[in-house]
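Chemist: Got a structure for you, questions after.
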Amino acid sequence: MKKAYLDNASTTQLHPEVIAEMTKILTEDYGNPSSTHSLGRNAKNILELSRKSIAKQINASAAEIIFTSCGTEGNNWIMRSAVKDLKITRIITSKIEHHAVLHTAIALQNEFEIQVDYVKIKPNGEVDLTHLVELLSEEKKTLVSLMHINNETGTILDIDRVSQICQEHRALFHSDTVQSIGKTKIDLQHTPVDFIVASAHKFHGPKGVGFAFVRKNSGLQPLFFGGEQEKGQRPGTEAIHQIAGMAKALELSCQNLESESQYIASLKDYAIERLKTDFPGFKINGEKTLYNLLNVVLPFDESKTAMILFHLDMKGIAVSRGSACQSGSIRPSHVLAEMLSDDDLKKPSLRISFSHFNTKEDVDLLIEGLKTI
Ligand code: PLP
């Protein structure tokens, strides 16, 4: 059976060059980077070259890159330490964030009795920056936590503008960039954001590894305690093969960004054209979305909502209804709930997310699959 993997916002296929790099390291470079013998020094060398390579891709300094296990860890660490150690008394976030941010904000609110404010979302999925400025006019020690690219709709936050607003109001700015690292150009000398996080499996790297960018002299303290790894900021023996695999994946993504993004955008345009022809009543959720993500309301009866993913899966087509952690649920997505009318919210929505491994045939397979529903 032909298969179509159109769920790249949930995770991505490993790049063959990444597999080769990781296999080599697993086989030959198994030293512990903290050991002083040559195998250890070799591993340490791989670790630091990976850090330099990642820093270069986002125009940061190597000392500002801290390796983590995933995006969720990075978000938890930054938000928790901002409250606990930097004495933040208010977090401003939005209701369309990933649960790694939303649930962390709520946990911190319960634990530290901080204030949590939610900036309004416009019906087109954009964050209302006028409301953000209004919220920031109340003087409090604040962390603003707003994601760069929304993982369900692909809507884009102007992080340059938000960084500037935060600087003007002396607020710290954390952006969950899990969906944008490797897919957009990020220049941290140009964009004065304080903290960002990444997860390798979103850009054709391995699962179980990510990094946080923590701007110099931030004062952030570790989440865990133990050894001296990552200058004590994130103790635990470094997963060298994962880290080097991530550095390779990011290097490839950044190197091919222009050509791959153009190609992926052409697939998205093709999908929109096919949907227009075959399902004329469909609607796109969100305006000004990233080239790789397409979230649509389908003109199907709401009784189809529960079975649509299952039906497509039986035909070898992998798509989702929202973030992977929620896609088994028929509850409406918390992101779409902020944007859609009650009627549209009941109808089936699909998140179609592309990578450069996809082809027009994948889109055709999806359209043919949808026709049989
Ligand atoms: N933030 C966003 C925007 C995501 O899309 C995801 C993954 O779905 C995460 C955070 C969590 O990343 P990880 O799976 O690496 O913990």
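Chemist: Across 10 Å bins from the origin, how do the percents of Cα pairs in the chain run, short distances first?
Modeler: Per 10 Å bin, starting at 0, the Cα pair percentages come out as 5, 24, 31, 25, 13, 3, 0.
Chemist: Which order do the peptides 241-252, 294-305 come out in when sorted by mean C-beta neighbours inside 10 angstrom, highest first?
Modeler: With the highest mean Cβ count within 10 Å placed first, the list reads 241-252, 294-305.
Chemist: How far apart, in nanometres, would the label points at residue 28 and residue 278 be if each is projected 7 angstrom from Cα along the Cα-to-Cβ direction?
Modeler: 4.7 nm
Chemist: Using a Gaussian network model of the chain whose springs link C-alpha atoms within less than 10 Å, name the residue from 182, 31, 226 with the highest mean-square fluctuation.
Modeler: 226
Chemist: Related question: For the chain, modelled as a GNM with alpha-carbon contacts under 10 angstrom, which of 184, 153, 130 fluctuates the most?
Modeler: Its mean-square fluctuation being the largest, the pick is 130.
Chemist: Follow-up. Name the residue, out of 281, 316, 71, whose mean-square fluctuation peaks in a Gaussian network model built on the chain with Cα pairs under 10 Å.
Modeler: In the Gaussian network model the winner is 281.
Chemist: To continue, here is another question. How charged is the neighbourhood of residue 151? Take every other residue with its Cβ under 10 Å from the Cβ of residue 151, and add Lys/Arg as +1 and Asp/Glu as -1.
Modeler: Here the count lands on -1.
Chemist: With point charges of +1 on the Cβ of Lys and Arg and -1 on the Cβ of Asp and Glu, referenced to the Cα centre of the chain, which listed residue (166, 91, 37) lies farthest in the positive direction of the dipole?
Modeler: Positive-end residue among those listed: 37.
Chemist: Residues in the stretch 193-237, backbone N under 13 Å from the label point at residue 61 (7 Å along the Cα-to-beta-carbon vector): list them, ranges by number please.
Modeler: 214-218
Chemist: Using the crude model of +1 on Lys and Arg Cβ and -1 on Asp and Glu Cβ, and no other charge, please compute the dipole size for the stretch 16-255 relative to its Cα centre, in debye to 20.
Modeler: 340 debye
Chemist: Here is a follow-up. Take the alpha carbon atoms of the stretch 57-73, find their center, do the same for the stretch 217-255, and report the distance between the two centers in whole angstrom.
Modeler: 6 Å
Chemist: Where does each of 210-223, 186-199, 266-279 land if you order them by average Cβ count within 10 Å, highest first?
Modeler: Packing proxy ranking, top to bottom: 186-199, 210-223, 266-279.
Chemist: In addition: Ordering 314, 1, 79 by how much accessible area each has at a 1.4 Å probe, largest first, what is the list?
Modeler: Descending accessible area places them as 1, 314, 79.
Chemist: Quick one: order 161, 351, 234 from most to least accessible surface, probe 1.4 Å.
Modeler: These residues rank, largest area first, as 161, 234, 351.
Chemist: With an 8 Å cut-off on Cα pairs and a minimum separation of 6 or more residues, tell me the relative contact order of the chain in percent.
Modeler: 24 percent
Chemist: Heavy atoms only, probe 1.4 angstrom, no DNA, RNA or ligands counted: give me 254, 166 ranked by accessible area, highest first.
Modeler: My answer, sorted largest first, is 254, 166.
Chemist: Using 0.36 nm times the number of residues separating residue 237 and residue 39, minus their current alpha carbon distance, what extension gain do you get?
Modeler: Difference between extended and current length: 69.8 nm.
Chemist: Calculated FRET efficiency, residue 160 and residue 303, Cβ-Cβ r, R0 45 Å, to nearest 0.05?
Modeler: Plugging the Cβ-Cβ distance into 1/(1 + (r/R0)^6) gives 0.50.
Chemist: Turning to a different aspect of this structure: Distance between Cα centroids, the stretch 259-310 to the stretch 129-157: provide it in whole Å.
Modeler: Measuring centre to centre over Cα atoms gives 26 Å.
Chemist: Mind giving me the nanometre distance, one decimal, between the label points for residue 85 and residue 361, set 7 Å out from Cα along Cα→Cβ?
Modeler: For residue 85 paired with residue 361, the spin-label model returns 5.1 nm.
Chemist: Also, I was wondering about something else. Using the crude model of +1 on Lys and Arg Cβ and -1 on Asp and Glu Cβ, and no other charge, please compute the dipole size for the stretch 1-116 relative to its Cα centre, in debye to 20.
Modeler: For the stretch 1-116, the charge dipole is close to 140 debye.
Chemist: I'd like to know which of 206, 298, 232 lies farthest towards the positive end of the charge dipole of the chain, counting +1 on Cβ of Lys and Arg and -1 on Cβ of Asp and Glu.
Modeler: 232
Chemist: Hey, what D do you get for the stretch 184-280 in µm²/s if you plug the Kirkwood alpha-carbon radius into Stokes-Einstein at 10 °C and 1.306 mPa s?
Modeler: Estimated via Stokes-Einstein, D reaches 96 µm²/s.
Chemist: Something else: Calculated from DSSP H runs of 4 or more alone, at -39500 (n - 2.57) each and per residue, what is the 222 nm mean residue ellipticity of the chain, nearest 500?
Modeler: -12000 deg cm²/dmol
Chemist: Same structure again: How much of the DSSP beta bridge set in the chain is antiparallel, as a percent to the nearest 5?
Modeler: 55 percent
Chemist: Starting from the Cα of residue 338, step 7 Å along the direction of its Cβ; do the same at residue 124; then give the gap between the two resulting points in nm.
Modeler: The two pseudo-label positions are separated by 1.7 nm.
The values are calculated or read from the model by the stated rules, or taken from the named source; none is laboratory data. From a predicted model like this one, the values you see are computed outputs, not experimental measurements. No Cβ is skipped: glycine too gets one built from the backbone with ideal geometry, and neighbour counts run over all protein chains shown. Protein only, heavy atoms only, side chains kept; ligands, DNA and RNA dropped before computing areas. Shrake-Rupley method; radii C 1.70, N 1.55, O 1.52, S 1.80 Å.
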